[in-house]
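Encoded as structure tokens, the structure appears first; notes follow it.
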Amino acid sequence: MSQPTETNTEKAKATAIKGRFSVPPNISNADEDEIPLMETFGVVPRTFDKKDYLEVENVELFKQQYEKNKREHHTDRYFNNKLIIRRGQTFQIRIDFNRPYNAEKDQFWVEFVIGRYPQQSKGTYIPIPIVDELETGKWGAKVIHNDYNYVTLSILSSPNCIIGKFRLYVAVLTPYGILRTPRRSDTDTYILCNPWCKEDAVYMDDEKEIEEYVLNDVGVIYHGEVTNIKTRSWEYGQFEEQILDACLFLMDKAQLDLSGRGNPIKISRVGSALINGRDDDGVLAGSWNNDYAYGVSPSAWTGSVEILLEYYSSKLPVKYGQCWVFAGVFNTFLRCLGIPARLVTNYFSAHDKDANLQTNIYLDEDGKTNTVQTKDSIWNYHCWNEAWMTRPDLPVGFGGWQAVDATPQEASDGMYRCGPASVQAIKHGHVCFPYDTPFLFAEVNSDIVYSKLMKDGTREVQYIDKTHVGQKLLTKEVGGNRPLDITDLYKFSEGTEEERLALDAALMYGVKKDFRDEEQFLSSPDTTMEFQEDSAVFGSDFKVTLTFNNQSSNRYTVSAFLTGHVVFYTGVLKSEFKNKTVQVTLEPLSTKTVDVQIKAGEYMSNIVEQASLHFFVTARINETKKIMAKQKVVVLQVPELRIKTTGDKMVGKEMRVVLEFTNPLKKKLQNVVLRIGGPGLMKTKTQIYREVLANANVAWEETCIPLVAGTRKLIATLDSETLRHVYGEMDLEILPGDN
């Protein structure tokens, strides 16, 4: 195909590009060049008349939701009136000519073009020849019906072609040149990854898993604390109107060359950078300081759709996000493009800045926690994503689930992004494999090192906790809403030979570790300490219980120090609200419990985002000088929103939705924001109440008209400066509409 026409300015820009590039980078799916309607082979005689040759009058793509192409390609759920297909799979089109097609005399072909400066070698210009038989792995078109003035083609796409929005043309060969159909936006065709195709890099062999990880538009986010796991639903909404275009725009924004957009490794890596706006004006601005005056609190979002559409419209980072919001939006991006993806929660996730596999907690000489010197933190939980793909850049066996993280924690290759890192490589300690495997290995394998700071400036290691970090990793089960424990995919059981070999491999490949001989720092086996709490309700008093167990024949005295902090879920301490010293005498072979009362007035004035309280307990056995230490996160219970519906639950029929809430506190709530929405049911709507009095009820009524039959979910949130992370949800069975 000859070069498209350019303006003088564009020619000047192209001329200015020097070096090994013959044309400017092709980094925008949205940009396009004018394709010539006729490419001549030389001088065209005056007697030439296009009508003397085969001429295309219409191209029919069978692109309606109920037609064969979208149904067979599993794209009929997209709210998009253009053809959407998955690569590596046949689809059909019909071409109407001005006369019957004669295969012996007439020659034509179909062309797909994407971006500017189309080149066949880059995959941005794809001529699709008419062939007798389609060949797996190659583009080709076969005539399956030739009748009257039209032909029906079965077209097979390449399983590794570019993901994006292509322009379609039909070209006809004449003795004097190539005639081409004019540009028609209604024949634009989206091509996505295809997990149903064995030749595609994202192929999965389990239909139920594909249904979950590609087609499910609602997910579950696990949060809270490892002994008090909480859930909330999240609307991925990958099929909603304009979401596909918004996701393709992200790759334009990332300036990923179009020729690289067939590779899920590159797509997921640039996606992890663009979902956060830390250094590239990406989708979400993060905030972890409990001040959301200039945007929306992270806990208030019900899903990804509102966020992506706002960003697609404004091109500015949307305020605000935290890890589960970044992960939720990233999951939408991946599933929308056809890459199987799931959201993972790691309970007690280490943020290892120097990759030394340890988090340091400092104590003073009396054994009390030194909050000034203790700078490291462990997130109560952290959410990231996994994307399913082959890894031809790694040895055999390291494909499958790849960890990718869009939360901006540390820079990777100059940008805030993380992954894809093979989950198998993380588990086996192969931290030399790209990308960011050492950081992810540390997130699930770090040790907590308790050290005593002496007055002369030296430090003495007192105790190492090897089991606190990475206690549990969860994701949503296939086909249900219960948690699936995937901890054993990331790490071997503590103390096993496999775990030791994985650590040795990580150390061999460059991960640092200050302590190799750790047995001397483990707690004395004859005395233990446990920490438990009552059911802790937001705004109410509760108690915590320390249990000391002396399994020896010796009499011990114990000095225990408990400190309570209001804490962000990232583990960063905001303020101390409790400080108590306990003296305990342990007789031989005895157990003793100590209750500590926690008053609501002690913590309520400083409570932050996720109503989390963090307790440090360190205990010194005075006779042996041994240190015992425990950390405990207490997540306060908050009220739930109640959802009710009335009317016919049927596609196309109006139904009423009522959202109810009761203020459980003894003071009024101000600037209360309610949100409710659900994919295929209703777009997210917002209602603001300037104040809700103490113990008062509110009820908000809305109407909606379901668009999709089957099991659907309504998701609601409440947000205020005093009370956050209040959720409600309701499953509905929507009947098909009247035909």
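The values are calculated or read from the model by the stated rules, or taken from the named source; none is laboratory data. None of the values given here were measured: they were computed from a predicted structure. Ideal geometry is used to build each Cβ from the backbone, glycine not excepted, and the neighbour counts take in all protein chains shown. Note: areas computed on protein heavy atoms with side chains; ligands, DNA, RNA excluded. Shrake-Rupley method; radii C 1.70, N 1.55, O 1.52, S 1.80 Å.
Please find, within segment 176-234, the residue that is nearest to Asp31 (Cα to Cα) out of those that are among the charged types (D, E, K, R), part of a strand (DSSP E or B) and within 21 Å of the chain's Cα centre (by Cα).
Just the residues of segment 176-234 that are among the charged types (D, E, K, R), to begin with: 180, 183-184, 186, 188, 198-200, 205-209, 211-212, 217, 225, 230, 232.
Now narrow it down to the ones that are part of a strand (DSSP E or B): 180, 225, 230, 232.
Okay, now just the ones that are also within 21 Å of the chain's Cα centre (by Cα), so 225, 230, 232.
Values: Glu225: 47, Lys230: 45, Arg232: 39 Å.
Checking each candidate, the answer is Arg232.
Scan segment 319-347 for residues that are open to solvent by 10 Å² or more (accessible area, probe 1.4 Å) and aromatic (Phe, Trp, Tyr) and report the count.
Going through segment 319-347 one residue at a time, the tally reaches 1.
Conditions: (1) touching a strand residue (DSSP E or B) at 6+ places or on another chain (Cβ under 6 Å); (2) open to solvent by 50 Å² or more (accessible area, probe 1.4 Å). Lys138 meets all but one. Number of the miss?
(1)
Scan segment 155-174 for residues that are over 26 Å from Leu244 (Cβ atoms) and either open to solvent by 40 Å² or more (accessible area, probe 1.4 Å) or without any contact (Cβ under 8 Å) to a residue 24 or more places away in the chain (or both) and report the count.
1
Quick one: which of Asn385, Asn370, Asn380 is more than 14 Å from the chain's Cα centre (by Cα) and open to solvent by less than 10 Å² (accessible area, probe 1.4 Å)?
On the way: Asn385 fails: more than 14 Å from the chain's Cα centre (by Cα); Asn370 fails: open to solvent by less than 10 Å² (accessible area, probe 1.4 Å).
Selected residue: Asn380, the only one of Asn385, Asn370, Asn380 that is more than 14 Å from the chain's Cα centre (by Cα) and open to solvent by less than 10 Å² (accessible area, probe 1.4 Å).
With respect to the numbered conditions (1) under 26 Å from Trp324 (Cα atoms); (2) touching a strand residue (DSSP E or B) at 6+ places or on another chain (Cβ under 7 Å), which one is the sole condition not fulfilled by Gly414?
(2)
Collect the residues in segment 251-290 that are of a type in the set (Val, Ile, Thr), surrounded by 24 or more Cβ atoms within 10 Å (Cβ to Cβ) and assigned to a helix (DSSP H, G or I), keeping them in residue-number order. Please lay out each step first, then the result.
First, the residues of segment 251-290 that are of a type in the set (Val, Ile, Thr): 265, 267, 270, 275, 283.
Now narrow it down to the ones that are surrounded by 24 or more Cβ atoms within 10 Å (Cβ to Cβ): 267, 275, 283.
Ile267 - this is the single residue of segment 251-290 that is of a type in the set (Val, Ile, Thr), surrounded by 24 or more Cβ atoms within 10 Å (Cβ to Cβ) and assigned to a helix (DSSP H, G or I).
Within the bounds of segment 302-314, is there any residue that is open to solvent by 10 Å² or more (accessible area, probe 1.4 Å) and part of a loop (DSSP other than H, G, I, E, B)? It would help to see each step written out before you state the result.
First, the residues of segment 302-314 that are open to solvent by 10 Å² or more (accessible area, probe 1.4 Å): 305-306, 309-310, 312-314.
After this cut, where a residue has to be part of a loop (DSSP other than H, G, I, E, B) as well, the list is none.
So far as segment 302-314 goes, no, none of its residues is open to solvent by 10 Å² or more (accessible area, probe 1.4 Å) and part of a loop (DSSP other than H, G, I, E, B).
State all residues of segment 115-130 that are open to solvent by 50 Å² or more (accessible area, probe 1.4 Å) and part of a loop (DSSP other than H, G, I, E, B); if no residue qualifies, say none.
Filtering segment 115-130 down to residues open to solvent by 50 Å² or more (accessible area, probe 1.4 Å) leaves 119-122, 129-130.
Matches in segment 115-130: Gln119, Pro129.
Does any residue of segment 223-230 turn out to be under 22 Å from Gln610 (Cβ atoms), open to solvent by less than 10 Å² (accessible area, probe 1.4 Å) and either in contact (Cβ under 8 Å) with a residue 60 or more places away in the chain or out of contact with any helix residue (DSSP H, G or I) (no Cβ under 8 Å at 6 or more places or on another chain) (or both)?
First, pick out the residues of segment 223-230 that are under 22 Å from Gln610 (Cβ atoms): 223-230.
Now narrow it down to the ones that are open to solvent by less than 10 Å² (accessible area, probe 1.4 Å): 224-225.
Checking the rest, the ones that are also either in contact (Cβ under 8 Å) with a residue 60 or more places away in the chain or out of contact with any helix residue (DSSP H, G or I) (no Cβ under 8 Å at 6 or more places or on another chain) (or both) come to 224-225.
Within segment 223-230, one or more residues are under 22 Å from Gln610 (Cβ atoms), open to solvent by less than 10 Å² (accessible area, probe 1.4 Å) and either in contact (Cβ under 8 Å) with a residue 60 or more places away in the chain or out of contact with any helix residue (DSSP H, G or I) (no Cβ under 8 Å at 6 or more places or on another chain) (or both).
Report those strands (runs of 3 or more DSSP E) wholly inside segment 640-739 carrying at least 1 residues which are aliphatic (A, V, I, L, M) and open to solvent by 80 Å² or more (accessible area, probe 1.4 Å). Steps first, please.
Working: elements: 642-646, 655-662, 669-678, 682-692, 697-704, 710-719, 726-734.
So the answer is 682-692.
Select from segment 78-114 the residues that are in a loop (DSSP other than H, G, I, E, B) and within 35 Å of the chain's Cα centre (by Cα) and list them in ascending order.
Residues satisfying the conditions are Tyr78, Phe79, Asn80, Asn81, Lys82, Arg87, Gly88, Gln89, Ile114.
If I ask for residues that are of a type in the set (D, E, K, R) and within 21 Å of Val633 (Cβ to Cβ), which ones from segment 468-495 would you list?
Let us first name the residues in segment 468-495 that are of a type in the set (D, E, K, R), namely 472, 476-477, 482, 485, 488, 491, 494.
Result: Lys472, Asp485, Lys491, Glu494.
Among the residues of segment 355-409, how many are within 30 Å of Cys193 (Cβ to Cβ) and outside any loop (DSSP other than H, G, I, E, B)?
Restricting attention to segment 355-409, the residues satisfying the condition of being within 30 Å of Cys193 (Cβ to Cβ) are 381-409.
Filter once more, so that each one left must be outside any loop (DSSP other than H, G, I, E, B): 381-389, 400-405.
Total meeting the criteria: 15.
Let me confirm something: among Thr591, Thr624, which residue is of a type outside the set (D, E, K, R) and not in a strand (DSSP E or B)? Spell out the reasoning first.
On the way: Thr591 fails: not in a strand (DSSP E or B).
It is Thr624.
Among the numbered conditions (1) at pLDDT below 95; (2) within 31 Å of the chain's Cα centre (by Cα), tell me where Lys667 comes up short.
Condition not satisfied by Lys667: (2).
Here are some residues: Thr136, Thr152, Thr75. Which one is touching a residue at least 12 places away in the same chain (Cβ under 8 Å), in a strand (DSSP E or B) and β-branched (Val, Ile, Thr)?
Details: Thr136 fails: in a strand (DSSP E or B); Thr75 fails: in a strand (DSSP E or B).
Going through Thr136, Thr152, Thr75 in turn, the sole match is Thr152.
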